[in-house]
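Read the structure below first, then the notes.
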Amino acid sequence: MKIAIGNDHAGYGLKEIIKNHLQEKGFDIKDFGTDSTESTDYPDFAMKVGEAVAAGDFERGILVCGTGIGISIAANKVPGVYCGLVGDCFSAKASRWHNNTNIIALGARVIGPGLALDIVDTWLGTEFKGGRHQRRIDKITEIEKRYLVKN
Ligand code: RB5
C-alpha cells in the first residue's frame, strides 16, 4: 500500500516514528515533509498530502500537527479528501468502517507514540463497510460539488 505522510514542525517527531514503523512493516511511504522542528504552516503539508491522495497516487495519507485539528481542517478542503482527526482506536476503526477516511490526522501534542502507532495500525487494517454508509458519503460528496468553484 502506498501511503503519503506529512506534518508541520509540531508533528515532526511523531511523523518520524510513524514513518519508521510503517517502513519496517513494508509499506511504501512518501514523506511530504516538513523535515525538521523549524516553524512551518500546517496547511502547506495538508495540501500536498491531500492532493496526492485525492489524485489517486496514494491509497492513504497520514497527517500530524500539534493537535491534528488545523491539518485535518486544511486537508478536508481538498475535494476528494475524507480526513478524520483521530485520537483513539475505536474512532480509527469507525472512521474506516463508516466514513471511508482516506487520510487521518493525529495530534502530536495530544497523544503519545504508543497510542499513535496503535491508531495507525488499526486504521490501515480496517475496511469500509459500504451499504448505508456509502449513501451518507455520497451526500457529503454532493455538498462538496455544490461549493466547488469552477476554474
Ligand atoms: C503549531 O503551533 C500548531 O498550531 C499546529 O501544529 C496545530 O496544532 C494546529 O492545529
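Would you point out which residue out of 138, 88 is surrounded by 13 or more Cβ atoms within 10 Å (Cβ to Cβ) and either free of Cβ contacts under 8 Å to residues at least 60 places away in the same chain or in contact with a strand residue (DSSP E or B) (Cβ under 8 Å, 6 or more places away or on another chain) (or both)?
88
Does region 36-49 contain at least one residue that is away from the ligand (no atom under 16 Å from the Cβ) and under 14 Å from the mean Cα position of the chain (by Cα)?
no
Can you list the strands (runs of 3 or more DSSP E) lying wholly within region 57-151 that have 2 or more residues being at pLDDT 95 or above and aliphatic (A, V, I, L, M)?
Answer list for region 57-151: 60-65, 103-107.
Restricting to region 54-73, count the residues that are in contact with a Cys (Cβ under 9 Å, 6 or more places away or on another chain) and more than 9 Å from the ligand (Cβ to nearest atom).
Step one: of region 54-73, the residues in contact with a Cys (Cβ under 9 Å, 6 or more places away or on another chain) are 61, 63, 71-73.
Checking the rest, the ones that are also more than 9 Å from the ligand (Cβ to nearest atom) come to 61, 63.
Here the count works out to 2.
For region 14-40, which positions are exposed (fewer than 14 other Cβ atoms within 10 Å of the Cβ) and out of contact with any His (no Cβ under 9 Å at 6 or more places or on another chain)? Show your work before the answer.
In the first step, residues of region 14-40 are kept if they are exposed (fewer than 14 other Cβ atoms within 10 Å of the Cβ); the result is 20, 23-26, 28, 35-39.
Correct list: 20, 23, 24, 25, 26, 28, 35.
Suppose the filter is of a type in the set (A, V, I, L, M, F, W, C) and free of Cβ contacts under 8 Å to residues at least 60 places away in the same chain; does residue 55 pass it?
Criteria met by residue 55.
The values are calculated or read from the model by the stated rules, or taken from the named source; none is laboratory data. Keep in mind the model is a prediction, meaning the values are calculated, not measured. Virtual Cβ from ideal backbone geometry, glycine too; neighbours counted across all protein chains shown.
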